[in-house]
1. Those residues that are surrounded by 18 or more Cβ atoms within 10 Å (Cβ to Cβ) and in a helix (DSSP H, G or I), I need them from the range 102-122; list them, please.
2. Report, ordered by the first and then the second residue, all pairs with beta carbons closer than 7 Å, sequence separation of six or more or different chains, a first member in the range 127-141 that is on the phi > 0 side of the Ramachandran plot, and a second member that is surrounded by 21 or more Cβ atoms within 10 Å (Cβ to Cβ).
3. Among the numbered criteria (1) surrounded by fewer than 19 Cβ atoms within 10 Å (Cβ to Cβ); (2) at pLDDT 95 or above; (3) part of a loop (DSSP other than H, G, I, E, B), which one does LEU125 miss?
4. In the set ASP26, ASP58, which member is in a loop (DSSP other than H, G, I, E, B) and modelled with pLDDT of 90 or more?
5. Take the range 41-55 and flag every residue that is open to solvent by less than 80 Å² (accessible area, probe 1.4 Å), modelled with pLDDT of 85 or more and either β-branched (Val, Ile, Thr) or not in a loop (DSSP other than H, G, I, E, B) (or both).
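The values are calculated or read from the model by the stated rules, or taken from the named source; none is laboratory data. This structure is a prediction, so every number in the text was calculated from the model and none was measured. Neighbour counts run over all protein chains shown; Cβ positions are idealised from the backbone, glycine included. The accessibility values were calculated without ligands, DNA or RNA, using every heavy atom of the protein model including side chains. Shrake-Rupley method; radii C 1.70, N 1.55, O 1.52, S 1.80 Å.
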Amino acid sequence: ERAVAIAKQICVALSEAHAAGIVHRDLKPSNIMLIERGEQAEFAKVLDFGVAKLEGSDITRSGAMFGTPQYMSPEQLRADVIDGRSDLYSLGVMLYEMLVGQLPFSSPSAVGFITAHLYEKPPALSREVPPALAELVHVLLAKDANERPPDAATVAAELDAALTGRSRVGRRRARRRLLRSAVGMAVLVSGIAALTGGGWLLWRWRVEID
């Protein structure tokens, strides 16, 4: 519950930034400050927009890479055009770390982290994490930005739902996996049927020749 509460507050800050067309690009624990605010014992403030970038602008050198490799999205590491979904990937890394106690990937070098974020699948979360919440974390860590939630407001809503097992993002991903499995099975069955039919026709042809 604590991890979700912190992540939701980060989502609120990201929603404001993204609505203004600003991508943070260096979202990491050291840029999140937890303070007391009114009756809230832990209020999350997102700090250090020093490497933030306006969407569609070219205020930095073309092809330059800014950020912290442990938390950077695959598209950011490739120096591709990025939008708010890149920050959602970084949020996914932080949420994984809050829930598990360690980063999804480990490496002694920046190159190792870059390779992992580009190509490796993150390990499963602890079984103590609610399945729907674990599924949401993996959706946030999707290599393809199009497979992540569209915006921070959606993530905030899904975080609440995930604690009660009602995450729509998780269910959609599960349905996609089921559909892919069904298609794969259909192709396999069709292939077996074709081979069987071909074998029977060959047998009939040999019988007729004999």
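1. If the condition is that a residue be surrounded by 18 or more Cβ atoms within 10 Å (Cβ to Cβ) and in a helix (DSSP H, G or I), then PHE113, ILE114, ALA116, HIS117 are the ones that fit.
2. From residues that are on the phi > 0 side of the Ramachandran plot, there are no pairs.
3. Among (1) surrounded by fewer than 19 Cβ atoms within 10 Å (Cβ to Cβ); (2) at pLDDT 95 or above; (3) part of a loop (DSSP other than H, G, I, E, B), LEU125 violates only (1).
4. Unique residue meeting the criteria: ASP26.
5. Across the range 41-55, the qualifying residues are ALA41, GLU42, PHE43, ALA44, VAL46.
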